[in-house]
Structures are given as structure tokens and as C-alpha cells.
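Written below as C-alpha cells is the structure these notes are about.
The values are calculated or read from the model by the stated rules, or taken from the named source; none is laboratory data. Everything numeric in this text was worked out from a predicted model, so none of it was measured. Every residue, glycine among them, receives a Cβ derived from its backbone with ideal geometry; neighbour counts consider all protein chains shown. Only protein heavy atoms, including side chains, enter the accessible area calculation; ligands, DNA and RNA are left aside. Shrake-Rupley method; radii C 1.70, N 1.55, O 1.52, S 1.80 Å.
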2 protein chains.
Amino acid sequence: MSLTNASPVDAARAAKSASHVLATLSADARNEALTAIHAGLTAARDDILAANARDLELAQQAAADGKLSSSLVARLDLGKKGKWDDMLQGILDVRDLEDPVGRVTLRTRLDDGLELERVTCPIGVLLIIFEARPEVIANIAALAIKSGNAAILKGGKESTESFVAISRVISAALEKTQVPNGAIQLVTTRDVIPELLALDEHIDLVIPRGSNDLVRYIKNNTRIPVLGHADGLCAIYLEQSADPSMAAEVIVDAKTSYPAVCNALETLLVQDSALTTVLPTVAEALAAKGVELRCDAASKKALEGTVPNLTIVDATEADYRTEFLSLTLAVKTVSSLSEAIEHINTHGSHHTDCILTASPEQAEQFMAAVDSAGVYWNASTRFADGTRYGFGTEVGISTNKIHSRGPVGLDGLMIYKYKLRGRGQVSAAYGAGEGKKNYLHQRLPLG
Amino acid sequence: MSLTNASPVDAARAAKSASHVLATLSADARNEALTAIHAGLTAARDDILAANARDLELAQQAAADGKLSSSLVARLDLGKKGKWDDMLQGILDVRDLEDPVGRVTLRTRLDDGLELERVTCPIGVLLIIFEARPEVIANIAALAIKSGNAAILKGGKESTESFVAISRVISAALEKTQVPNGAIQLVTTRDVIPELLALDEHIDLVIPRGSNDLVRYIKNNTRIPVLGHADGLCAIYLEQSADPSMAAEVIVDAKTSYPAVCNALETLLVQDSALTTVLPTVAEALAAKGVELRCDAASKKALEGTVPNLTIVDATEADYRTEFLSLTLAVKTVSSLSEAIEHINTHGSHHTDCILTASPEQAEQFMAAVDSAGVYWNASTRFADGTRYGFGTEVGISTNKIHSRGPVGLDGLMIYKYKLRGRGQVSAAYGAGEGKKNYLHQRLPLG
């Protein structure tokens, strides 16, 4: 890992060159580098936490002056219970995942002695732009090395001391391994993002980890593909046949178990025939958790006066397009499955949406027609997560429609190449006409 | 299919809405639409060719006035031998391909009664911007419907009469099918490209089929992902152990069988120890085909005076970055495999590159280290083609590093969604702590 004051173009060129070495290293060589990083960080714990304490002190001062939010200050703190150990364990967890490089995903015999193979390989150079959380640098370095990608890291300035301390340790650890130092580069110079975004010749993918505004700014200012981690405006459709207590449990979990995250519930669509049969049980459970409902007229009428301690506010149209990220839930009445689907496809963010129903037909129709990365039947939207899906780790959750959708694991950092092995075959020998050969196009086993 | 004078945003909204219907149609329903289009076009042959003749007449006049290239005029002509029949057969070929929609690519049991499934699905709405070839509209309509995607088509103005005639027929044919009319829309209003490129809320992927300038313009002016069909600067590395006559055949095929296409050879790298042993046989074969060589000093010295009728020009550095698309070949001497790999990775276009060698070790090292969509051993670069790879058809050849790389078939028009089927499970029940459950993460068979 280099801590670079090089110009963006030199940093990107060095990363590209390192990516070509990294792409040919064995899984063992890449895994050994992760072991070395883990050992280095373990040994340097006190120095890194001291650097982090200096970041924290400045940030607390800035927060006291009203220049920084206290939630950002909280995210800066590497000394918080469990955070350091989680960061270190995360490196070993990534190391122990199955190797994503070199998997054969297609084999075709084009002709005798002419065999085509599609093989997974790293994308090349990733540019990762993130905010102040200092542990991200260790996670990203681990994911990049495991997947054979070089990475240029540009972090939020509030964590500079922590970033520099961590990257010095990673750099020293990599010195003893086959991973070239240029493979992971921390850019600490200021205001380089516009220059980096212009380097589409050297950088293959941008991954912004931060606010919606950051993602949109980046998409507007680069030709490089962007793996966007968008917001989540998740909906649940409560169908009339849903079991009331099951529905209450799922909706309470989806809304209240962690309201500030992208897979939390924001809109509840209720079938009109469920308003007085299923909804009251749900509303009672939500009221017990302090959830405020923004209701349309029909759902307000069904609930008003029937559930104690329930706060109901009249919904506006804007509420059905709002990611509250708090204990507020928009409620809307629909007459049918197709109206629910239509609402979700036009108002949602295509993240994760759910139907609660006892009918398999309704469920399958919902899951086929809703255009979202996750479509669920009788399960909380909060399951939308790489770790919960069994991917071991996640780069983020994508609402992109190409490459990678939903929780993105190591697979999302891979592409493929086609290898063709022949014996001197030429294209002019095949096709229509006298003496020409036909392609066999025989599918071969992948083993 | 609609022939639309609607505003771009209305056209895109209609396409999005149609895409939601299209995504839920059965394979039979989509295939029947292709059968109907085929029948409609067959019946309307004379009308369409008459419209095409009107386009052609205007274009010929423009060419005579020096306002249009004659090669563009040639591409306009639907009446050219075989073109009409190929266009119609292409629709049936696409129809008969395996259905790309609804393939299960991952199944995981998260817990008892909580099963995750990753299923292929259409991307949504494609925007296809293409030049004047009128048959493209039928090809694209077939690919889009087969893959369950809606498409907005914007073609070159020189083919307007042909496009309108074809789209009227397709529109009438679709009326009798389950495919909604808004699924395929031809935009004929002028100067709408900038507006379309701003509609990232409704359009999911832009596919430009045209010049490099067009692709670059589009990448610079949209947040929508672009599937780029870039140029090809393909290289062959001639290693000392390569059989001379095999090398001559492959290089002649790669350079001369169709010099104007992206998978044609542009740069020949020769190992220094092969200059006097293998290269002369290759140069002789190239001279017989009229190929001019742009040589560095060492290769010039090796060839000068030894091969009759060979044209040798001194190479400049620019020649090693030039896509000649003609019977000109840049030749450069390298001392080793690693120098060849380095040259290709820094000078090439990451399209298709080849090594000619008798050594499996050299070949495997080359194929692992060269960062291109196609890496070949003893086979002509001209095999880089969707039809030759057995994909049935191709949308184009991508040098992108994400989503789809190399020849892009129907698979490149697909993404996936995650379906999760539960019984009311909630996320708060899992994790660390007393009474919490662990995820099973049990991989299930895909069948």
C-alpha cells in the first residue's frame, strides 16, 4: 500500500500496472498478504488507536463548534467496543472466502482442438470514495486483494490521521509479500476527486460509499462505470389473507429493528379488505414501538379510535416517496395486487419489497412483477444484506440494473475473459461455401 | 411497436411501463411475438423495399453531392443480395434461442423455511442509438422482446423511410400479441438524444452502435450505464517456438480476411529470436496478400531484401496505437514474453490478443496476464464474434470491464433479482446473543 502524494494520473497508472501483477498471483499469495496485514495491524494497535484519538479530538471540537454532526463523530471512533476486533476479524473472514478468481463459467468446443473457456478475473482498478469511517480502509484493502483488484482509496478528511497510520502499517506488511505496493493506494491530497474521475483509461469502476448526493455527483462527473449504493425506499404489501400476528412481527422488524438503514420499511400498502381485519393488529404492534403512521383517508378511518396510543398523521403524496429513516411509516390503501405492484414500481427505489400473504399465487405474481433487487414473500426486508445472504461480506447494496444488483459480495468485483486455445485455426475456414467447415458449438463440462 | 412523436420523457415512461408487463410474459408469449413480426415483415416485403429505395435515392443524391460517404450508402441498401432474407432469418434464429429469462443461478437455504433464490430477469428499458443500417431495427426488436426488455430506438436519419415502414409493420404485428405496443418505440423526432440521455430514472442501459466518437459523446453526457462497442487494436505475439507455416496462416487470416472490422490484427509483436527464423515465412505470406508492414529497426533489418514484393515503411510510435482497418500492419520486436504482455496491456484496446507458440507454459502465462476480453493461443483474432462463440447472435463486442465483456449475446441484456420466500421470519431473531438463531447458509441444487 502506498500513501501517495503522487498526482492522480501517476497514482492511477501505478495502480493499473500493479493490477496486472495482482491478476496473475495465486490465491495463496493473495491470502498470505491478508494474513500479513492482519498481523501488522494487530501489532500496531496502540499507534493506530492513538492516531484515531487525535482525529476524534479534532472532530469533537468541530462538533462542539457546530461544524460536524455528532453521528459522524461516533462513526470515527475506532476505540468503540468491538470495532477494532471486528475490523481485524473481517480481514480473516475475507481471506477465508472461496477464491473468486479463475472460475470457469463456460466451456465450448468450437471445433476439434479449438476450445473456448470463459474464466472469471478481476476488473482491474477500483476507485473507492468513502466518508470518515476509518475501518473501511482495512475492509476495502482486504476485499481488493482477495479479488485481485488494485484500489485507489480516497477517504473523508476527518479520519486522515487514522487512515495514514493504518496505511503505513498495511504498506509495511505488503513489503514482505508478492502483492505490489502500488496495488492499494491511499490518496491524501485534497480536491483530487474531479481529476480521478477523468481517468477512465486507468480506472475501471468507481464505488462511492456515502450519501446520495455523493453518488449523484460522481455519476454526473465521470465516464467510468459507478457501482451505486443507493437509498432504500422499501415497501410491504399487506394482502388480506396474511396472518395478522405474522404480519405484525415482520412489519415491526422491518420498520423498527434499525430504522436508519436502507433495508428498513418506509411504505406499508394495505389491501382495502385487510383494513379492519389485519391492519389493526399490525398497528397495535407498531404503536407499542412508538411508530407514527402517515395514513391515507381509508386507513385512517379504519384505525382511528381502535388502537390506543397510536399517532396518526394525514399522509401527503410526498410521504409515499420519502425515506424517513426514522420511526415514521407511510400507509396507503390499495384495492388489488396489481395496484400494489404499480405503486411499488413507480414510487419505490427498486431495493427490496415484500408481500405478506397466505396465497402462493399472489406471492409468485408479486415477485415476478416487482422490479426490485429483492422481492420477498413473508420475510422482513431487513434480510437484504450480504452477510445474511451468505456472501461473507458485502461491498454495498446496488440498485443498479447492470453488473451487480442487491447485496454485492466479492462476485461484484469480478468480470471474465474468454480464453481460446487452438492449433492454428483460421476464421476463413468456417462458414457457408464449398470446402468450408461448420462450428461444433459443443457445450463441455466445467470441471 | 410505436412510432412515436411523443416527448422523450413520455416515450421513456411508456417504455418503462411496458417493460413491467414484458418482464412477466411467458417465453411462449415472447416467442409468438417474434413469429408475428416475421410473418408481418414477410408479407410487407414490397412496401418496405419501396420505402428503402426512396431512402437510397436521396442518399445517392447526397453522395453525388459529396455530403455522404458511399460506404454509408451501401449499408443503407436493404435490397442487396441476401440482406432481406438474413434479416428475416435472424428474427427466427433469435426466437429459437434458449430462454434467458427466469434461470435460477443461486439457491441458498438461509434457515428452515427461508430460501433465497437468484433468478435472471430483464434489465428493463434499453436505449439503442444506431446509424443508418435499416435491418438493425428488426434485429434489435427481436433481441429486446426475446430478452424481455423494452427498447427505445433512435436511428440515423438517412434510413428514416425504411425505419418508419418497418416499424409500422412491427407495430401492427404486435397488436395481435401479448407484447404491449410501448415495448418497442422508434423515436423519429430530431435532436432528442440529449434529452433521452438525461432520463436515467426510466432508461437502464444505453447501447450505442456506431463510431467511437458517438460512444464517447454518449459516455460524456449521461448517468445511464453505457454498453460500449469500442474499436479493436488487436495484437499477435509471435514467439520463437511457433510453427512458421501455422503462424503465417493465422496472421494472414487475422490481418486480411476482413481488415475493416474490430477483431482484425493491427500489431504484430515478434520475439527477437524469431526475427530470422519465423518472421520471414509470415512476411512472405503477408506480401502475397498486399499487406504493407510498418517495421521497427530490428524487424526491418531482418526482412529487408529477403522477401520479394514486400513493402516496408519505418514505423513511428503512433503506429503502435493505430487501428489501421486496412492492409497495413505495425511490426515491433520484443525481447521476451513479459515485454510483449506489457506492450499489449499499455498500447492495446483490451479487445482480443493472441500468442503463437508451441509452449503451453508461455501460452498460459500470456492468457493469464494479458488484460483483454479475448486471450488466444494459436488461433486467429477473427474468432472474436458472438456467432462464432456459439451465442447465436450478438449485441456487439464490449471492451467494458463490468457487466459484459467480449462478444455480448442475450446474456448481456439480463440482470437478476433475489427472491426470498419465508414463513414470517424476522431479522432480529438471528445473530449473536442469547436465544438468537444462526443462519444455515446451505447451498441448494439449482434444479
Residues of the stretch B:354-371 being more than 7 Å from chain A (Cβ to nearest Cβ) and under 21 Å from A:Asp204 (Cα atoms), in sequence order, are B:Val370
In the stretch A:376-406, anything outside any loop (DSSP other than H, G, I, E, B) and more than 8 Å from every other protein chain (Cβ to nearest Cβ) is listed as A:Thr381, A:Gly386, A:Thr387, A:Gly396, A:Ile397, A:Ser398
B:Glu98 fails exactly one of (1) touching a Ser or Thr at 6+ places or on another chain (Cβ under 8 Å); (2) without any contact (Cβ under 8 Å) to a residue 24 or more places away in the chain, namely (1)
Restricting attention to the stretch B:20-58, the residues that are open to solvent by less than 40 Å² (accessible area, probe 1.4 Å) and either within 30 Å of A:Ala373 (Cβ to Cβ) or not in a helix (DSSP H, G or I) (or both) number exactly 11
Here the residues within the stretch B:101-117 that are assigned to a strand (DSSP E or B) and within 24 Å of B:Ile145 (Cβ to Cβ) are B:Val104, B:Thr105
Over the stretch A:122-157, the set of residues assigned to a strand (DSSP E or B) and in contact (Cβ under 8 Å) with a residue 40 or more places away in the chain is A:Pro122, A:Val125, A:Leu126, A:Leu127, A:Ile128, A:Ile129, A:Phe130, A:Ala150, A:Ala151, A:Ile152, A:Lys154
Within the stretch A:315-348, of all residues that are open to solvent by less than 30 Å² (accessible area, probe 1.4 Å) and of a type in the set (Ser, Thr, Tyr), the one farthest from the chain's Cα centre (by Cα) is A:Thr333
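Taking the conditions exactly as written (within 7 Å of another protein chain (Cβ to nearest Cβ), in contact (Cβ under 8 Å) with a residue 24 or more places away in the chain, surrounded by fewer than 21 Cβ atoms within 10 Å (Cβ to Cβ) and not basic (Lys, Arg)), does A:Tyr439 satisfy them or not?
Criteria met by A:Tyr439.
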Going through (1) crowded, with 17+ Cβ neighbours inside 10 Å; (2) over 24 Å from the mean Cα position of the chain (by Cα) one by one, A:Gly66 fails only at (1)
Margin query: Yes or no: the stretch B:97-104 includes at least one residue that is at pLDDT below 90 and of a type in the set (Val, Ile, Thr).
Written below: no
When B:Glu201 is run through (1) outside any loop (DSSP other than H, G, I, E, B); (2) acidic (Asp, Glu); (3) more than 21 Å from the chain's Cα centre (by Cα), the failure sits at (1)
Of the residues in the stretch A:323-370, those that are charged (D, E, K, R) and under 17 Å from A:Ala274 (Cα atoms) come to A:Lys332, A:Glu339
Scanning the stretch B:340-353 residue by residue, those facing chain A (nearest Cβ under 10 Å), of a type in the set (Ser, Thr, Tyr) and outside any strand (DSSP E or B) turn out to be B:Thr346
Only unsatisfied item for A:Leu205, checking (1) open to solvent by less than 20 Å² (accessible area, probe 1.4 Å); (2) at pLDDT below 95; (3) not assigned by TED's automatic domain parsing to the domain that holds A:Ile341, is (2)
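Of A:Gln178, A:Gln185, which residue is surrounded by fewer than 19 Cβ atoms within 10 Å (Cβ to Cβ) and assigned by TED's automatic domain parsing to the domain that holds A:Ser26? Write out each step before concluding.
Details: A:Gln185 fails: surrounded by fewer than 19 Cβ atoms within 10 Å (Cβ to Cβ).
None of the others qualify; the one that does is A:Gln178.
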Problem set entry | Test: B:Lys289 is touching a Ser or Thr at 6+ places or on another chain (Cβ under 7 Å), within 12 Å of chain A (Cβ to nearest Cβ) and farther than 30 Å from B:Asn149 by Cβ | yes
B:Thr281 fails exactly one of (1) away from chain A (no Cβ under 14 Å); (2) in a helix (DSSP H, G or I); (3) among the β-branched types (Val, Ile, Thr), namely (1)
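Can you name the residue in the stretch A:354-375 that is part of a loop (DSSP other than H, G, I, E, B) and farther than 22 Å from B:Ile123 by Cα and is also least open to solvent (accessible area, probe 1.4 Å) among such residues?
Applying the filter and picking the extreme gives A:Thr357.
Please go through the stretch B:254-278 and give me each residue that is outside any loop (DSSP other than H, G, I, E, B), open to solvent by 10 Å² or more (accessible area, probe 1.4 Å) and among the hydroxyl-bearing types (Ser, Thr, Tyr), ordered by number.
Of everything in the stretch B:254-278, those that are outside any loop (DSSP other than H, G, I, E, B), open to solvent by 10 Å² or more (accessible area, probe 1.4 Å) and among the hydroxyl-bearing types (Ser, Thr, Tyr) turn out to be B:Thr256, B:Ser273.
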Every listed condition ((1) in contact with a Pro (Cβ under 9 Å, 6 or more places away or on another chain); (2) in contact (Cβ under 8 Å) with a residue 40 or more places away in the chain) holds for B:Lys219 save (2)
Selection over the stretch A:171-193 where residues are in a helix (DSSP H, G or I) and within 14 Å of chain B (Cβ to nearest Cβ) yields a count of 0
message: Please determine whether any residue of the stretch A:417-434 is open to solvent by 10 Å² or more (accessible area, probe 1.4 Å), facing chain B (nearest Cβ under 7 Å) and not in a strand (DSSP E or B).
response: yes
Condition set β-branched (Val, Ile, Thr) and open to solvent by 10 Å² or more (accessible area, probe 1.4 Å), scope the stretch B:150-164, selection farthest from B:Asp47 (Cα to Cα): answer is B:Thr160
Residues of the stretch B:210-253 being under 29 Å from B:Leu269 (Cβ atoms), open to solvent by 10 Å² or more (accessible area, probe 1.4 Å), outside any helix (DSSP H, G or I) and among the hydrophobic types (A, V, I, L, M, F, W, C), in sequence order, are B:Ala230, B:Leu233
Restricting attention to the stretch B:69-100, the residues that are assigned to a loop (DSSP other than H, G, I, E, B) and open to solvent by 30 Å² or more (accessible area, probe 1.4 Å) number exactly 10
Within the stretch A:381-398, the residues that are open to solvent by 10 Å² or more (accessible area, probe 1.4 Å) and over 9 Å from the mean Cα position of the chain (by Cα) are A:Arg382, A:Thr387, A:Arg388, A:Gly390, A:Phe391, A:Gly392, A:Thr393
>> Tell me whether the stretch A:301-314 contains one or more residues that are open to solvent by less than 50 Å² (accessible area, probe 1.4 Å) and either at positive phi or under 32 Å from the mean Cα position of the chain (by Cα) (or both).
In response: no
